[in-house]
Amino acid sequence: MITDVGIAGSGLMGSALATINLQAGYNLVIFDMKKSQLSKTQSKLNKITDELYQGATVKYTDDISSMKNCNLIIECLTEDENIKSNFYKKIEENCTKESIIATNTSSISINRLAENLQFPARFLGLHFMNPPQVIKFVEIINHESLDKRILGEIKQYLRVMEMISIECNDKPGFIVNRVLLPMINEAIYCYENGTSDAKSIDTALKVGANHPMGPLELADFIGLDTCLFILKVLQEDFNDLKYKPCPLLEEYVRLGKLGKKTKEGFYKY
Ligand SMILES: NC(=O)c1ccc[n+]([C@@H]2O[C@H](COP(=O)([O-])OP(=O)(O)OC[C@H]3O[C@@H](n4cnc5c(N)ncnc54)[C@H](O)[C@@H]3O)[C@@H](O)[C@H]2O)c1
């Protein structure tokens, strides 16, 4: 049974995952190499502990060995294959053989990442969406050497956090990003070639296709740099030009217009 969770990486996703794990009553060890990131997460979690804290313990650390008693370690480090690969080598020296190790990667092949582990059977992809406090959905990514017996434990862990999950195989973009990003890209083409203004394109999809958010406002929310990165991964890994990013998206990213986080993208904030 999963009781103690290690969150490796205390950035955007790591701190959000820490929040939902704590609210579900899991003991946490939050690890990051930057003390400033740990402090940010600590002030965020301090706000929720009074309302929803269920007596779980939380430890903030830059020492990887502090995760040695965690049954599940969720790696939320920077989206960089070298950083993640080095981490897996080190964490295996600092946890038990029974510990499950998951990655929250949005785009890197789970099979390729699994090659860095001495015991890949206990490794899997858990792709949480941003923000996980609102989007209660996780893609569980299989790979060739995964021991399927751990899936029951993982599904039970996710159920405690009231997350709906599906299993999928290790294909570029998994499901959500593979379907979502080409739609966002096409909406940017519509905007670029003057089909309509941003608000009308978003209204068309919100009302005309019953989507909760329009594609351009959603792109601003995800971050235009992240959208560009995922499209490039899809294009490269499938070797298919249908995923080629719209030139306007490349230009916005070059200009530092990254969406909500820089206060300007397809909209101003
Ligand atoms: N941002 C999103 O919308 C989103 C959504 C789903 C999944 N993801 C995935 O989650 C992961 C994290 O993304 P993020 O947006 O939270 O990134 P982020 O840049 O906000 O956070 C990454 C954290 O990792 C830490 N870190 C980097 N290298 C480290 C190392 N060697 N040792 C210890 N700490 C280290 C950094 O200090 C930083 O705090 C990525 O794999 C990303 O693909 C992101």
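The values are calculated or read from the model by the stated rules, or taken from the named source; none is laboratory data. Just so we're clear, the structure is a prediction, and the values are computed from it rather than from any experiment. Cβ coordinates were reconstructed from backbone atoms using ideal geometry, including for glycine residues, and neighbour counts include every protein chain displayed.
Checking Ile30 against (1) over 16 Å from Thr103 (Cβ atoms); (2) of a type outside the set (Gly, Ala, Ser); (3) surrounded by fewer than 21 Cβ atoms within 10 Å (Cβ to Cβ), which single condition isn't satisfied?
(3)
Is it the case that Ile110 is closer than 19 Å to Glu81 by Cβ and out of contact with any helix residue (DSSP H, G or I) (no Cβ under 9 Å at 6 or more places or on another chain)?
Taking the combined requirement at face value, the residue satisfies it.
When the residues of the stretch 164-179 are filtered to those that are over 16 Å from Ala102 (Cα atoms) and of a type outside the set (D, E, K, R), which remaining residue is surrounded by the most Cβ atoms within 10 Å (Cβ to Cβ)?
For the stretch 164-179, the residue satisfying everything is Asn177.
Output the residues belonging to the stretch 123-158 that are outside any helix (DSSP H, G or I) and either outside the structural domain of Thr19 (by TED's automatic domain parsing) or aromatic (Phe, Trp, Tyr) (or both).
Phe123, Phe128, Phe137
What is the residue count in the stretch 114-127 for residues that are within 13 Å of the ligand (Cβ to nearest atom) and in contact with a helix residue (DSSP H, G or I) (Cβ under 6 Å, 6 or more places away or on another chain)?
Qualifying residue count, the stretch 114-127: 1.
Given the criterion of a type in the set (Gly, Ala, Ser) and not in a helix (DSSP H, G or I), identify the matching residue among Gly25, Gly14.
Result of the check over Gly25, Gly14: Gly25.
Give the stretch 21-51 a look and list any residue that's within 15 Å of the ligand (Cβ to nearest atom) and among the aliphatic types (A, V, I, L, M), or say none.
Answer for the stretch 21-51, where residues must be within 15 Å of the ligand (Cβ to nearest atom) and among the aliphatic types (A, V, I, L, M): Val29, Ile30, Met33, Leu38, Leu45.
Being touching a residue at least 24 places away in the same chain (Cβ under 8 Å) and among the charged types (D, E, K, R) is the filter; apply it to the stretch 68-87 and report the residue that is farthest from the ligand (Cβ to nearest atom).
Among residues in the stretch 68-87 that are touching a residue at least 24 places away in the same chain (Cβ under 8 Å) and among the charged types (D, E, K, R), the one farthest from the ligand (Cβ to nearest atom) is Lys68.
Just give me the residues in the stretch 1-15 being near the ligand (Cβ under 6 Å from one of its atoms) and buried (at least 18 other Cβ atoms within 10 Å of the Cβ), in sequence order.
Within the stretch 1-15, Gly9, Ser10, Met13, Gly14 meet the criteria.
Specify the residue that is nearest to the chain's Cα centre (by Cα); the eligible residues are those in the stretch 89-122 that are in a helix (DSSP H, G or I) and within 20 Å of Glu139 (Cβ to Cβ).
Ile110
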